Structures are given as structure tokens and as C-alpha cells.
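Report on one structure; see the data block that follows.
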Amino acid sequence: MNYSEKVMDHFTNPRNCKKMENPDGVGTVGNPTCGDLMTIYIKVDDDVITDISFQTFGCGAAIATSSMITEIAVGKTLDEALEISRNDVASELDGLPPVKMHCSNLAADGLKAAIENYHQTHQQN
């Protein structure tokens, strides 16, 4: 399988790969078909994601997309972060093999789940 240099870099040197202490929002998503499991943690200040991290059990593409979503989302408002799509994640990684596109779905879905958790726990309107 051919991966871009960016995918390989984010897989071998993942950014923000750690469990966050006292996150404001947590989102966990998985894919039962391939076994990937991803948890995204966010800190939010004044409606802006100020810190984000992840823990992922899965293939190299799942780890790379988790790492990339943290770089894309930090500094964005919650509304801007909700607009990040699977294609945005794959594009920022200079593409993914078609069979691995579901991994970028997980990253985008994990971020959305963390934001939904934030809204639920902070009773945002």
C-alpha cells in the first residue's frame, strides 16, 4: 500500500498522542470491521479548541489521521471544527489509499463526538 510522506511522518511521529488530564470533551469512536478505536480529547476556552490530543488503537492510517486532526482542529472555534470533513483530513495528509479512507472518517467523527460531549457536559445551546 502506498502512503504519502505526510502519512508516514504522522504515523511514525504522531503529534499530540496522549491521554489528556481533565478534558472539556471526550469522543470515542471505532470501526468494528477493521478494529480501529480512537479517542479524541479537547480543551475549550471561549468556544475555541485550545488543546487537543488523542489515543488510537489501530493501523498506521488511523494513527496518522488522529495526529492530523489534532493539528487541523487546534485554534479553531467549535463551529469551525465541526466543519472538518474526512476529505479535509485525507487532503492534509496528501491523500490516503481508498481502502483506508474510513480511517479519516474516524478522525473527523471522533472530533465531532468530543465536541458533542463538550456541549452535553457544558449545557451549551
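For the chain, modelled as a GNM with alpha-carbon contacts under 10 angstrom, which of 91, 67, 53 fluctuates the most?
Judging by the Gaussian network model, the answer is 91.
For the charge dipole of the chain, defined by +1 on Lys and Arg C-beta atoms and -1 on Asp and Glu C-beta atoms about the Cα centroid, which residue among 33, 11, 56 has the Cα displaced farthest towards the positive pole?
Positive-most Cα among the choices belongs to 33.
Indicate the helices, whole DSSP H runs only, in the chain that combine a mean Kyte-Doolittle hydropathy of -0.5 or more with a Cα extent along their long axis of 15 angstrom or more. Each step should come with its number before you reach the end.
Working: long enough: 60-73 (20 Å, 1.12); 101-122 (32 Å, -0.48).
Correct list, ordered by number: 60-73, 101-122.
What do you get for GluC sites (Glu not before Pro) in the stretch 10-85 restricted to DSSP loop and a cutoff of at most 14 other Cβ within 10 Å of the site's Cβ?
Passing sites in the stretch 10-85 are 21, 83.
If you filter the stretch 30-125 for trypsin sites (Lys or Arg not before Pro), then keep DSSP loop positions with at most 12 other Cβ within 10 Å, what is left?
On the way: sites: 43, 76, 86, 100, 112; in loops: 76.
Nothing satisfies the criteria.
Regarding the chain, what are the three Cα extents along the principal axes, ordered largest first, in Å?
That gives 44, 26, 23 Å along the principal axes, largest extent first.
Which FRET efficiency value, to the nearest 0.05, is calculated for residue 2 and residue 119 with the Förster distance at 41 angstrom and r the Cβ-Cβ distance?
The pair residue 2/residue 119 has a calculated efficiency of 0.60.
For 122, 102, which order do you get if you count the other beta carbons within 10 Å of each Cβ and list the fewest first?
Sorted ascending by nearby Cβ count, the order is 122, 102.
Quick one: dipole size for the stretch 5-120, taken about the Cα centre, charges +1 on Lys/Arg Cβ and -1 on Asp/Glu Cβ, in debye to the nearest 20. Intermediate values should be presented prior to the final figure.
Numbers: 9 positive and 18 negative charges, 101 e Å.
Dipole magnitude for the stretch 5-120 comes out near 480 debye.
Every read-out reported here was derived from the displayed coordinates using simple, explicitly stated rules and does not represent laboratory data. Remember, predicted model here, so these are calculated numbers, not experimental data. Positions of Cβ are generated from backbone atoms using ideal geometry, with glycine treated the same way; all protein chains shown enter the neighbour counts.
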